[in-house]
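No value in this document is a laboratory result; all are computed from the given coordinates. All figures in this text were calculated on a predicted structure; none of them were measured in a lab. Note that each Cβ is placed from the backbone with ideal geometry, even for glycine, and that neighbours are counted across all protein chains shown.
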């Protein structure tokens with residue numbers, strides 16, 4: 001994998017993060033409080049009704065056709081992002097975070113495969129393979145945000161621990177479901193806590209890049225996708241041909257597109273010059 005995600009003459013200016021120790025303490029405090037709050041809440045089993053999607057049409061011998069086929073954009077965007085991470089030279093990424101970018105897009109490809117598999121026969125067992133790669137995407141993106149805004153060193157060091165935490169949260173949920181006492185609390189923390197912490201990081205830190213609207217677009221896109229998922233049946237009744245869950249896939253795939261555009265178009269900020 002190439003080290004050339006940014007030009008070499010810009011490495012020196014970008015690799016000296018100024019860690020906001022107060023912000024780090026606040027983030028740690030929020031993490032601890034969230035973990036304590038999760039422990040105080042009773043275990044949350046998977047709702048069996050979750051698998052009852054609005055659009056269950058079988059087309060071309062494919063069950064739940066549109067919920068399956070709308071995962072294709074994830075695959076295409078993920079492959080393009082992987083190629084960019086491996087062989088591309090872009091001005092809008094940090095070389096030190098190249099593994100995090102790679103894991104984000106690698107997870108996106110796996111999401112396409114896992115989600116497609118799940119929607120062929122939606123059950124708790126197949127849902128495991130849908131959620132497992134999603135945690136790779138969540139945690140890689142969180143590592144990227146930390147590295148680009150708070151500390152490159154911290155972002156790189158947290159990548160693998162965060163990914164492991166994400167994977168374990170799904171494995172734990174799956175195991176508790178097999179025991180008849182399903183518990184989604186750790187997975188809920190992995191999915192939603194970064195979404196709450198990332199805006200705080202973005203508004204409190206000086207980013208490594210100008211024109212950083214792509215990251216905010218990712219957050220808004222994710223929110224729209226979750227709303228579409230929640231309104232699955234209502235949207236299907238309104239549009240007739242496309243359900244909220246299928247739209248969730250189409251909108252959600254734009255997350256990878258925004259990161260690709262960011263890697264290609266963002267302009268670096270020199271930390272040493274105080275830009």
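Counting only DSSP H runs of at least 4 residues, each contributing -39500 (n - 2.57), and dividing by the residue count of the chain, the helix-based mean residue ellipticity at 222 nm comes to -22500 deg cm²/dmol. Here the calculated FRET efficiency for residue 204 and residue 261, from their Cβ-Cβ distance with R0 = 25 Å, stands at 0.55, rounded to the nearest 0.05. Helix 98-120 and the longest principal axis of the Cα set of the chain meet at an angle near 10°. In this rough spin-label picture, where each label sits 7 Å from Cα along the Cβ direction, the residue 34-residue 57 distance is 3.8 nm. FRET efficiency for the residue 120 to residue 23 pair, using the beta carbon distance and R₀ = 30 Å, is estimated at 0.10. The angle between the Cα long axis of helix 185-204 and the main principal axis of the chain comes to about 30°, on a 0 to 90 degree scale. The stretch between residue 240 and residue 79, if pulled fully straight at 0.36 nm per residue, gains 54.8 nm over its current Cα-Cα span.
The ranking of 232, 240 by Cβ neighbour count inside 10 Å, starting from the fewest, reads 240, 232.
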